[in-house]
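A.B. asks: One structure, as structure tokens, below. Some questions next.
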Amino acid sequence: MTDQTLAPTDTAACTEQSLPPGWIEIPLGELAQLLRGVTYQKIDVSDKPKAGYLPILRAANIQDEGLILAAGLVYVPHKYIKAEQLLQSGDVVICMSSGSRQLVGKTAQFMGEWRGSFGAFCAVARFKPELDQKFAGYFFRSTRYRNLIRTKSAGVSINNLRYADLGGLPIPVPPLDEQQRIVAIIERYFSQLDAGVAALRRVQVNLRRYKAAILKVAVEGRLARRAQDPSDEPATCLLQRLLAERRARGQAAPPPPTMPGLPALPEGWCWASLAAISDALAGYAFKSKDYSEDGFQIVKISNVSRGQLNLAEKPTFITQVEAKIKAKYLLKRGDLLITLTGTRRKRDYGFVALVENEERLLLNQRVARLRFQPPLNPKFFLIALQGEHFQNRFFQYETGNTGQGNVRIAAITYEAVPVPPLAEQDRIVAEVERRFAAAERLEAVVEANLKRAERLRQAILEQAFTGRLGGS
């Protein structure tokens, strides 16, 4: 079975004629009670636990790894919740409505003990005794189920799953003892896959730590010590030349960085404020009514990830731009971009990326650019601004309400960054790129094996629900 939406003639692919003897296809509505989620008044909602309140799951709590029961909850008065709406072990929670069509129909099974319920955009399937709860739960994790959901929602203009369609989903059901045998085999295979996936996840974590460590030692001058050359022009001399050039252009000299307790740097290095070595600019608030299908691409927060510019992520374009706006906000090769808005206290912004060969890009609001004074190597400062020292300083300027965090570009321009001699900047960049390339090759191998594990998982489920899962 493929990942693609089934054609109408394929919706009966799992029919009684194609099932093993003793199996039968039964609509979900005859196998389970379908419960609607809790509705409540917004004025009564709390984002923290309170006496007389119970937690409510929402669509975002339904994840591939299971239900998230410790975060993203809201709390409502007990009076809004019927007794039958309290989750029971074995219940499958289903996303019935979402702003994203990809989330509609997403499921996770609740197993264990937890006192809470689920919101109005969700439903619960509570199974009858003749259906093994784990057998049912595995069906809802299968590609077969997802294909049926896609078929039901095909042509629907809004992102909702109808209860009638959910209740009509055909479930292949063997005798109860066969269900239990299949569950045992699935769990044996899945435990082996889970162990392998856990090992791969540990490798991913270790690779992220390795890359963070590389950034740290790079900006401390400890990565390419053997390449340090006493004949290199000291960074202080380099900065004096840059300062003289600024004065010649009639620009005022910025004050030196004032941060106390700056750590020591290698010989020939010095600290400098961003204002002393770069020109900073916050982005422009382009209006959505002016967007077009092509033209100049507007670089938004979503286009700047950790160390990378990702222009394929939700691209937005504009054709008609005032000449003075275009001149001011047009990005150039070597510009460093940094995101200024995200989730408060989660450090999901402050991401830095470099404009290299990309053209026709305009800087959007809540993204800033730093244009470093030649002949400084912007790739070195891409490294420095991703490092632990700068990131910690960056988030000390965070402001905002409970949900959103912001950092003003003006607040960080006088922050200190390390400046090595010019030739050493190039050597450090080359060494970091060499080590990162090796790490990224390993990351690609890990990611490929994680995808392979998921394909194996789905192959096991496909065999399970067509009666072809052996025990060997």
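The values are calculated or read from the model by the stated rules, or taken from the named source; none is laboratory data. Computed from a prediction, not measured in an experiment: that's the story for all the values here. Here the Cβ positions follow ideal geometry from the backbone for every residue, glycine too, while neighbour counts run over all protein chains shown.
A.B. asks: Kindly indicate whether any position in region 294-308 is more than 30 Å from T343 (Cα to Cα) and either assigned by TED's automatic domain parsing to the domain that holds E356 or of a type in the set (F, W, Y) (or both).
C.D. replies: yes
A.B. asks: I've got another one for you. Of the residues Q365, Q404, Q386, which is buried (at least 17 other Cβ atoms within 10 Å of the Cβ) and farther than 30 Å from P170 by Cα?
C.D. replies: Q386
A.B. asks: Another question, then. Which count do you get for residues in region 251-280 that are modelled with pLDDT of 75 or more and either among the hydroxyl-bearing types (S, T, Y) or assigned by TED's automatic domain parsing to the domain that holds K216 (or both)?
C.D. replies: So the count comes out to 2.
A.B. asks: Please determine, by comparing only the residues of region 323-346 that are modelled with pLDDT of 95 or more and part of a loop (DSSP other than H, G, I, E, B), which one is nearest to S292 (Cα to Cα).
C.D. replies: The qualifying residue nearest to S292 (Cα to Cα) is L331.
A.B. asks: On to the next question. Mind counting the residues in region 432-472 that are in contact (Cβ under 8 Å) with a residue 24 or more places away in the chain, among the β-branched types (V, I, T) and exposed (fewer than 14 other Cβ atoms within 10 Å of the Cβ)?
C.D. replies: Residues flagged as in contact (Cβ under 8 Å) with a residue 24 or more places away in the chain, among the β-branched types (V, I, T) and exposed (fewer than 14 other Cβ atoms within 10 Å of the Cβ) within region 432-472 amount to 0.
A.B. asks: Okay, moving on. Limited to region 432-472, what total is found for residues that are over 25 Å from D64 (Cβ atoms), modelled with pLDDT under 95 and not polar (S, T, N, Q)?
C.D. replies: Residues in region 432-472 being over 25 Å from D64 (Cβ atoms), modelled with pLDDT under 95 and not polar (S, T, N, Q): 3 in total.
A.B. asks: Okay, next question. Which one of the conditions (1) of a type outside the set (D, E); (2) loosely packed, with under 13 Cβ neighbours inside 10 Å; (3) touching a residue at least 12 places away in the same chain (Cβ under 8 Å); (4) part of a loop (DSSP other than H, G, I, E, B) does L265 fail to meet, given that it meets all the rest?
C.D. replies: It is condition (2) that L265 fails.
A.B. asks: So is A384 modelled with pLDDT under 95 and among the aliphatic types (A, V, I, L, M) or not?
C.D. replies: When the stated conditions are applied, A384 does not pass them.
A.B. asks: I need the full set of residues from region 78-93 which are touching a helix residue (DSSP H, G or I) at 6+ places or on another chain (Cβ under 7 Å) and either surrounded by 21 or more Cβ atoms within 10 Å (Cβ to Cβ) or not in a loop (DSSP other than H, G, I, E, B) (or both), in order please.
C.D. replies: Passing the criteria: only V92.
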